[in-house]
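In what follows, a structure is listed as structure tokens, so that the remarks can point back to it.
Nothing in this text is a laboratory measurement; each read-out follows from the coordinates by a stated rule. Because the structure is a prediction, the values reported are computed rather than measured. Glycine also receives a Cβ, built like all others from the backbone with ideal geometry; neighbour counts cover every protein chain displayed.
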């Protein structure tokens, strides 16, 4: 692919719309390199002291006097640029599929891993659930699916939403977003649903990715109509009159994803880590508080 030399601005789009990344012509972007003024997409942008730079300008030297480690390419959110930007997404996909196969092989795992507030799993048995100290159910239920259509929809959502988010946030921040969104969805379900209601699936985490995608697209000045249409469709499915869906998990994951997404992509560079991980910590504290209060109410 032919590339312009550094220092030469990219040509404006013929229709006056958003420019396209000079390394990925199929991707529209509103961000330009602060040194050469060429348009760059989230996968190419590298955080600089002011704005973002393209990979070519970073390789030629930032001129800041810092060593090579200081000029290491970073994502929009400040995470290191990885050789495989979908590695964590692939691992999460593998975990969900592995648990699904394990449940098919041994159905008793369902009772042991599903999210349950407090109930008798079998007649005459002792009460079980999160209220009985089985807090691990808040995590295991995030990787648990029973029907093929359920895991298929969730894994498609994980692949479509997770890959781009992982590339923009970096692995650690992306994993924190996924897990905390899932926990928030589970906590809200535990709080609002009946104690004996069973809940399972990665939907809370997927809705968290959807919420963060909305925040990211707004940050990059992308056309918001497609993602709003997807969000509206998912909310219609969530609150369908036929039931069968734990809407609490969807809402909890969505709210957590939006809040964490704001903290991730809008954090000021000089206090980026503090704001980002502080937002994650605050979300975790709220989750723990909800679980503790609900447990006290049930016991």
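Using only the Cα atoms of region 139-240, construct the convex hull and provide its projected area averaged over every direction, in square nanometres to one decimal.
Working: hull surface 27.8 nm².
That works out to 6.9 nm², a quarter of the Cα hull's surface.
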Fully extended, how many nm does the chain gain between residue 175 and residue 83 (0.36 nm per residue separation, minus their Cα-Cα distance)? 31.5 nm
Evaluate region 50-182: find the radius of gyration of its Cα atoms, find its Kirkwood radius, and give the ratio Rg to Rh. 1.18
For region 87-298, what's the radius of gyration and Dmax over Cα atoms, in angstrom? 17.1, 59
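At a threshold of 8 angstrom on Cα-Cα distance, excluding pairs fewer than six apart, so keeping six or more, what relative contact order does region 87-298 reach in percent? Don't skip to the end; give the middle numbers.
Numbers: 316 pairs, mean separation 48.8, N = 212.
Result for region 87-298 is 23 percent.
What does the highest-first list of 244-251, 228-235 look like by mean Cβ count within 10 Å? Before the final figure, lay out each step's value.
On the way: 244-251: 20.4, 228-235: 13.5.
Highest to lowest by the protection proxy: 244-251, 228-235.
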Added length on full extension, which subtracts the Cα-Cα distance from 0.36 nm per residue, residue 196 to residue 30: 54.8 nm
How tilted is helix 148-169 with respect to the longest principal axis of the chain? Cα atoms for both, answer in degrees (0 to 90, nearest 10). 40
Report the residue, chosen from 209, 177, 198, that carries the largest GNM mean-square fluctuation when the chain is represented by alpha-carbon nodes joined by springs under 10 Å. 198
With everything on Cα atoms, drop me the angle between helix 87-105 and the longest principal axis of the chain, reported from 0 to 90° to the nearest 10. 20
Okay, which of region 87-119 sit inside 17 Å, backbone N to the point 7 Å along the Cα-Cβ direction of residue 147? 100, 104
Expressed in angstrom and rounded, the centroid-to-centroid distance over alpha carbons for region 119-151 and region 190-258 is 21
Just to confirm the number: angle between the C-alpha axis of helix 171-192 and the first principal axis of the chain, 0 to 90 degrees, nearest 10? 30
